[in-house]
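The values are calculated or read from the model by the stated rules, or taken from the named source; none is laboratory data. What you see is a predicted model, and the numbers here were worked out from it, not measured in a lab. Here Cβ is always computed from backbone atoms with ideal geometry, including for glycine, and neighbour counts include all displayed protein chains.
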Amino acid sequence: MKNPTPKQIIVITSAILSVGMLLSLILLKITGQLTTDYIWLFVLAILLFVFSYLIFSYFIEKYIYRKIKLIYKYINELKQTDSIKPLRLQNDVVKNVELEVSKWAMSKRKEIKQLKETEKLRREFLGNVSHELKTPIFSIQGYIESLIDGGRKDKEITKKFLNKALENTNRLSLIVDDLEMISRSESGKLELVPEHFSINKLLQEVMDSMEMKATDCSVFLSFKEENPTDFVVYADRDRIAQVLINLFSNSIKYNNKYGKTLVACYDMEENVLIELSDKGIGIEEKHIPRLFERFYRVDKTRSRNKGGTGLGLAIVKHIIEAHHQTINVRSKIGVGSTFGFTLKKSNISI
């Protein structure tokens, strides 16, 4: 019998004992050493079966509840639950406990792995935020110390240093504002004010506002098609504008000279897919999984020289996820990058 339950083992053992005793008594009866009637022999065998069954049940059940139930109790305490599965002799208790322990051990391994990854990300984040804050702080300190040491006597130097200090102060303010927004988003306190609006019109507005920056970098912004289909979406217009500004800004920064950034919208039944494609430097595949992490930079030196807080894509991801939508990126070195995100399509015509 494969994987017998404790109850089956007790019944089989008791039956073997009672049958063995019955055969011994019958043998004694046949040899004349026993004068008892056959009916009493069967009664004795049945009594032995019942007695042995009760004895075995008592000891096995006592062993299970004293030993195995302790394992159940310990696992359930670690799971922080009050519900303990009852142990019954008719079930394969040992196998059930083995499965329970295996599941618990697997879940703990996953938890430990996640904790290690979280701890690694926490250390990286603390190191990054420390570095990002130190850079403008040290710059401000340097300009102020120079003015105190005598630089203030020269009006031109004073004005130049004060402007530089102001730029770094503004950078600090932007970092704090972005961190505050991410904190609100992660704690579920990012408030959205959804409305029905034309995504094409918003795209055109953002492109118009970024035109000067694009011109300075010799980058051309345009729709992929000459007369794109106009889609109406239901989302927070100001937040989506913030997403688009971040994405267009990145595509301009990391585009090639005289490059293009093309935007297109696609019908995805219940959603609308918005894609921004550039012909820029591209991103190595190894960086893509971490691209939306806070302060993560593909090329740290070049990224800082081009400005920004290092939180733009993290904010983009949080805003899109707050809308219960998704964002993805495709990229290839020397070919360019495509960022795409979805928004809920509206049934209202504007």
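A residue that is surrounded by fewer than 21 Cβ atoms within 10 Å (Cβ to Cβ), at pLDDT 85 or above and of a type in the set (S, T, Y) occurs nowhere in the stretch 296-310. Return yes or no: is Q114 under 35 Å from the mean Cα position of the chain (by Cα) and part of a helix (DSSP H, G or I)? It is true that Q114 is under 35 Å from the mean Cα position of the chain (by Cα) and part of a helix (DSSP H, G or I). As an exercise: evaluate N227 against (1) surrounded by fewer than 17 Cβ atoms within 10 Å (Cβ to Cβ); (2) assigned to a helix (DSSP H, G or I) and give the number of the one condition it does not meet. Among (1) surrounded by fewer than 17 Cβ atoms within 10 Å (Cβ to Cβ); (2) assigned to a helix (DSSP H, G or I), N227 violates only (2). Mind checking which residues of the stretch 27-48 are touching a Leu at 6+ places or on another chain (Cβ under 8 Å) and under 30 Å from F59 (Cα atoms)? Result: L41, F42, L44, A45, L48.
Which residue is farthest from N170 (Cα to Cα), if the candidates are limited to the stretch 330-350 and must be aliphatic (A, V, I, L, M) and surrounded by fewer than 17 Cβ atoms within 10 Å (Cβ to Cβ)? Write out each step before concluding.
Taking the stretch 330-350 and keeping what is aliphatic (A, V, I, L, M), we get 333, 335, 343, 348, 350.
Applying the additional criterion that residues be surrounded by fewer than 17 Cβ atoms within 10 Å (Cβ to Cβ) yields 333, 335, 348, 350.
Details: I333: 33, V335: 34, I348: 41, I350: 39 Å.
Checking each candidate, the answer is I348.
Scan the stretch 262-275 and tell me whether some residue there is farther than 17 Å from Q325 by Cα and either in a helix (DSSP H, G or I) or among the acidic types (D, E) (or both). Taking every residue of the stretch 262-275 in turn, none turns out to be farther than 17 Å from Q325 by Cα and either in a helix (DSSP H, G or I) or among the acidic types (D, E) (or both). Just so you know, in the stretch 55-77 the residues that are exposed (fewer than 12 other Cβ atoms within 10 Å of the Cβ) and of a type in the set (A, V, I, L, M, F, W, C) include one that is modelled with the lowest pLDDT, and it is L70.
Here K213 meets each of (1) over 30 Å from N347 (Cα atoms); (2) buried (at least 16 other Cβ atoms within 10 Å of the Cβ) with one exception, condition (2).
Could you tell me which of the residues I315, I252 is within 30 Å of K164 (Cβ to Cβ), in contact with a Cys (Cβ under 7 Å, 6 or more places away or on another chain) and at pLDDT 85 or above? If you could, list the steps in order and put the result at the bottom.
Details: I315 fails: in contact with a Cys (Cβ under 7 Å, 6 or more places away or on another chain).
So the residue among I315, I252 that is within 30 Å of K164 (Cβ to Cβ), in contact with a Cys (Cβ under 7 Å, 6 or more places away or on another chain) and at pLDDT 85 or above is I252.
Here L147, L172, L179, L202 are screened, and the one residue that is of a type in the set (A, V, I, L, M) and under 30 Å from D267 (Cβ atoms) is L202.
Is there a residue being hydroxyl-bearing (S, T, Y), modelled with pLDDT under 70 and within 35 Å of the chain's Cα centre (by Cα) anywhere in the stretch 78-91? There is at least one residue in the stretch 78-91 that is hydroxyl-bearing (S, T, Y), modelled with pLDDT under 70 and within 35 Å of the chain's Cα centre (by Cα). When residues in the stretch 132-150 are screened for being closer than 23 Å to G312 by Cα and touching a Gly at 6+ places or on another chain (Cβ under 9 Å), 1 of them pass.
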